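Colleague: First the structure, which I've put down as structure tokens, then a few questions once you've had a look.
Quick note: the coordinates plus some simple rules give every number you see, no bench work behind them. These figures come from a predicted structure and were not determined experimentally. Backbone-built Cβ (ideal geometry, glycine too); neighbour counts: all protein chains shown.
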Amino acid sequence: MIAVRADDLPARRGSDYPSPHDAPCRERIRRALGDAFGLSQFGANLLELPPGTWSSQRHWHERQEELVYVLEGEVVLVTDEGETTLTPGMTAGFRAGTGNGHHLINRSDRTARVIEVGTRTVEEVAHYPDIGMMVRDDAGGSDYFTADGRPLK
């Protein structure tokens, strides 16, 4: 496949976060753009956030870097520095290992569409400082833990 319409790709709704942490993300929709082409070094998603929906819990990655670009609508970027409103044409990036948690919240009255791009690694640890959670990824899959290492699922 050389090209495809992003809206024709399968939509993944919600999150695999353990309850109740999945609640703010239940209506988010992601379409895996890079997977359609078998890309392995970076991931790219089309993210749709209906009003009131979060992109994720606020988090940061030890190894993976992320970049977002707003296509439509308005989202609020929440980081350790506070809140920044992002509108179409704006972008934000997050270096690996900084410890600065981030996520997007749609506080507007219309759906926002965002491109997400990030490094792919087989092994990764992501931290969720606001809820005392972490996720560990490896070749066998992903598992959620408390911040001190106790299993959540």
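Colleague: Assuming a viscosity of 1.306 mPa s and a temperature of 10 °C, what translational diffusion coefficient in µm² per second does Stokes-Einstein assign to the stretch 77-153, Rh being the Kirkwood radius over Cα pairs?
Modeller: 108 µm²/s
Colleague: Using a Gaussian network for the chain with springs between C-alpha atoms less than 10 Å apart, which of these wobbles most: 44, 11, 112?
Modeller: Looking only at 44, 11, 112, the largest GNM fluctuation is found for 11.
Colleague: Let me ask something else. Suppose we take every Cα in the stretch 1-89 and form the convex hull; what volume per residue is that in Å³?
Modeller: 132 Å³
Colleague: For the chain, take the convex hull of the Cα atoms, compute a quarter of its surface area, and give me that in nm², please.
Modeller: Over all viewing directions, the chain projects a mean Cα-hull area of 9.1 nm².
Colleague: Compactness ratio of the stretch 81-126: Cα Rg over 2.2 N^0.38 Å, N = residue count?
Modeller: In units of the globular-protein estimate, the stretch 81-126 measures up at 1.38.
Colleague: Sort 133, 1 so the one with the fewest other Cβ atoms within 10 Å of its own Cβ comes first.
Modeller: Lowest to highest Cβ neighbour count: 1, 133.
Colleague: Hey, rough spin-label estimate for residue 79 and residue 143, points 7 angstrom out along Cα→Cβ, what's it come to in nanometres?
Modeller: Taking the simple label geometry, residue 79 and residue 143 are separated by 3.3 nm.
Colleague: Additional query: Return the whole-Å distance between the Cα centroid of the stretch 44-77 and the Cα centroid of the stretch 101-153.
Modeller: When both Cα centres are located, 11 Å separates them.
Colleague: Going by amide H atoms built from the backbone, whose H comes under 5 Å of the H on residue 56, apart from near neighbours?
Modeller: 104
Colleague: Now, a different point. Pick from 47, 39, 67: which is most flexible by mean-square fluctuation in a GNM of the chain where alpha carbon atoms under 10 Å apart are linked?
Modeller: 39
Colleague: How far, in nm, would the chain grow between residue 152 and residue 122 when pulled straight, counting 0.36 nm per residue and subtracting the alpha carbon separation?
Modeller: Once the chain is fully extended between residue 152 and residue 122, it gains 8.7 nm.
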